[in-house]
Amino acid sequence: MSIMVTTFLCVAFIVVAVLIVWKKRRTWFIRHALGQSGTSKNLLAGIDSKDFTDYFALTGVLPPKPLPDFDIDKALPRPYRPFRWKYHQTMSFQAMDPDWWLELECTYRERIAQRKRLYAQHGRNIIDMMPGSENACTELAEMVIQFLCVRYPNQFSLDSSGIFHNRILGRSFDTKGVKMPLELLLENVPEDFLLVQEDKETGLYHFCAGVSASAVGWNMSMKIGKALHDVHGPVPYYKEKLQHSMDRYFVKMPCEKPIQRGSWSLEVGQPLYMQADDIHWAARSVQDPNLDINDIYLRVDWQTLRRLPKSRAIVFNFKALFTPVIHFREEPFIPHLVGTVLREAEKPFMEYKSTFHIAHKVIPALEVWAQEQEEKGWVPKDWASRTLEENPFYPGWQLHHRY
């Protein structure tokens, strides 16, 4: 027995040593390829400013693959379908693909204009920051600019004088003179960015700054300054099942391991930003018999989470994407899976997602479409609902995607 134990320990030691060496060599390769000081013209194309920090090297996250032939007017968002069954309360994190930290697509101009209008109307309910978060906000803006210039080299560039050029909108921004980096994000990226920082006294992470033009039922003034468990107060079972593990995760989260997840809801129309005093809010608590299935949309908030290397703040960013529910008819397994979730998930989950106002129209349609897919042979007749292997997508999704 002692020989077996000794052998096992030796093997385990060798495996751990190999992993450590591999990780160090991977980090060295990234930093060597990018250049520890200054930037690499090959990998950081479009960034001429020598004063700009090389965040790919600093974080250990690989740069995205450049898209020199990208066409913003033809690009379709990836068809995220983050449906799970059985539906348990977990954060359902996955490793983030570095290519897709920020995803631009054909609604870009429309969304940027909409977000600017919302900010003009609602002010600090859209953008706000607490004292002490300034460095984190600036660092985030720099990381975003660097990513955009590398991923979309024909659409964005940063010149040697620090001017950031957005060729989609035909605008330029002086990054050295920006007093409010979150405004720069609002005017160039159709995503929300929420920053949290550690409270040195309690060790807990608090919501300290953000730009949020995609909020439904909440706004910046309701959340800023609060600890994570208070921010997530309305989430079912958060305190019982998630609070401890989430607090611990945020403390230990490394820069080199960004993550992603998806949240979904079913909406009438495409409400990007809606508050409880909106005239349409009351409609979420009633079932309109005249509601047209063509007016119901899947809303997916595709989210990523990563640590900033210098400030050590953590940024949570997400993009709201809308898809007509009628598209489910052509997506294998999705009608069956979504129908099961709507019918059988625990009541607190569905109440939190506010599905009551659409259920009377969506559930019958999903049942018809699920039957059609079985008859076509797309789905086995005895298939039991489960999380798809393609999650967060569906089988054959590439046929419906263009980027």
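Output the residues belonging to segment 389-401 that are surrounded by 12 or more Cβ atoms within 10 Å (Cβ to Cβ) and in a loop (DSSP other than H, G, I, E, B).
GLU390, ASN391, PRO392, PHE393, TYR394, PRO395, GLY396, HIS401
Among the listed residues SER221, SER265, SER214, identify the single one that is part of a loop (DSSP other than H, G, I, E, B) and not aromatic (Phe, Trp, Tyr).
SER214
Inside segment 97-139, can you point out the residues that are free of Cβ contacts under 8 Å to residues at least 40 places away in the same chain and under 19 Å from LEU195 (Cβ atoms)?
Residues satisfying the conditions are GLY123, PRO131, GLU134.
Condition (residue is within 30 Å of HIS360 (Cβ to Cβ) and in contact with a Gly (Cβ under 7 Å, 6 or more places away or on another chain)) applied to segment 218-231: is it met by at least one residue?
Within segment 218-231, not a single residue is within 30 Å of HIS360 (Cβ to Cβ) and in contact with a Gly (Cβ under 7 Å, 6 or more places away or on another chain).
Only one of SER133, SER92 is under 29 Å from GLY60 (Cα atoms), touching a strand residue (DSSP E or B) at 6+ places or on another chain (Cβ under 8 Å), modelled with pLDDT of 95 or more and surrounded by 15 or more Cβ atoms within 10 Å (Cβ to Cβ). Can you tell me which?
SER133
Would you say TRP85 is surrounded by fewer than 18 Cβ atoms within 10 Å (Cβ to Cβ) and in contact with a Ser or Thr (Cβ under 8 Å, 6 or more places away or on another chain)?
Answer is yes for this residue.
What helices (runs of 4 or more DSSP H) lie completely within segment 293-388 and have 2 or more residues being farther than 30 Å from LYS257 by Cα, modelled with pLDDT of 95 or more and not hydrophobic (A, V, I, L, M, F, W, C)?
Passing ranges, in order: 334-344, 356-376.
Being closer than 30 Å to TYR55 by Cβ and among the basic types (Lys, Arg) is true for just one of ARG299, ARG248. Which residue is that?
Exactly one residue qualifies, and that residue is ARG248.
Which of the residues that make up segment 315-326 are in contact (Cβ under 8 Å) with a residue 40 or more places away in the chain and surrounded by fewer than 21 Cβ atoms within 10 Å (Cβ to Cβ)? Steps first, please.
The initial filter retains those residues of segment 315-326 that are in contact (Cβ under 8 Å) with a residue 40 or more places away in the chain, namely 315-323, 325.
Correct list: PHE316, PHE322, THR323.
Consider TYR108 carefully, then state whether it is within 20 Å of ALA209 (Cβ to Cβ) and not small (Gly, Ala, Ser).
So TYR108 fails the test.
I'd like to know if segment 239-259 contains one or more residues that are buried (at least 19 other Cβ atoms within 10 Å of the Cβ) and either over 22 Å from the mean Cα position of the chain (by Cα) or modelled with pLDDT of 90 or more (or both).
Among the residues of segment 239-259, at least one is buried (at least 19 other Cβ atoms within 10 Å of the Cβ) and either over 22 Å from the mean Cα position of the chain (by Cα) or modelled with pLDDT of 90 or more (or both), which makes the answer yes.
At least 2 residues that are within 21 Å of LYS65 (Cα to Cα) and over 20 Å from the mean Cα position of the chain (by Cα) in each: list the strands (runs of 3 or more DSSP E) lying fully within segment 85-202 that qualify.
Here the list reads 156-158, 163-166.
Note down all Cβ pairs under 6 Å where the first residue falls in segment 291-307 and is among the small types (Gly, Ala, Ser), the second is surrounded by fewer than 20 Cβ atoms within 10 Å (Cβ to Cβ) and modelled with pLDDT of 95 or more, and they're at least six residues apart or on different chains.
Correct list of pairs: empty, since none qualify.
Looking at (1) under 22 Å from the mean Cα position of the chain (by Cα); (2) part of a helix (DSSP H, G or I); (3) at pLDDT 95 or above, can you tell me which one LEU272 breaks?
All conditions pass for LEU272, except number (2).
The values are calculated or read from the model by the stated rules, or taken from the named source; none is laboratory data. This is a predicted model, so every value here is computed, not measured. Cβ coordinates were reconstructed from backbone atoms using ideal geometry, including for glycine residues, and neighbour counts include every protein chain displayed.
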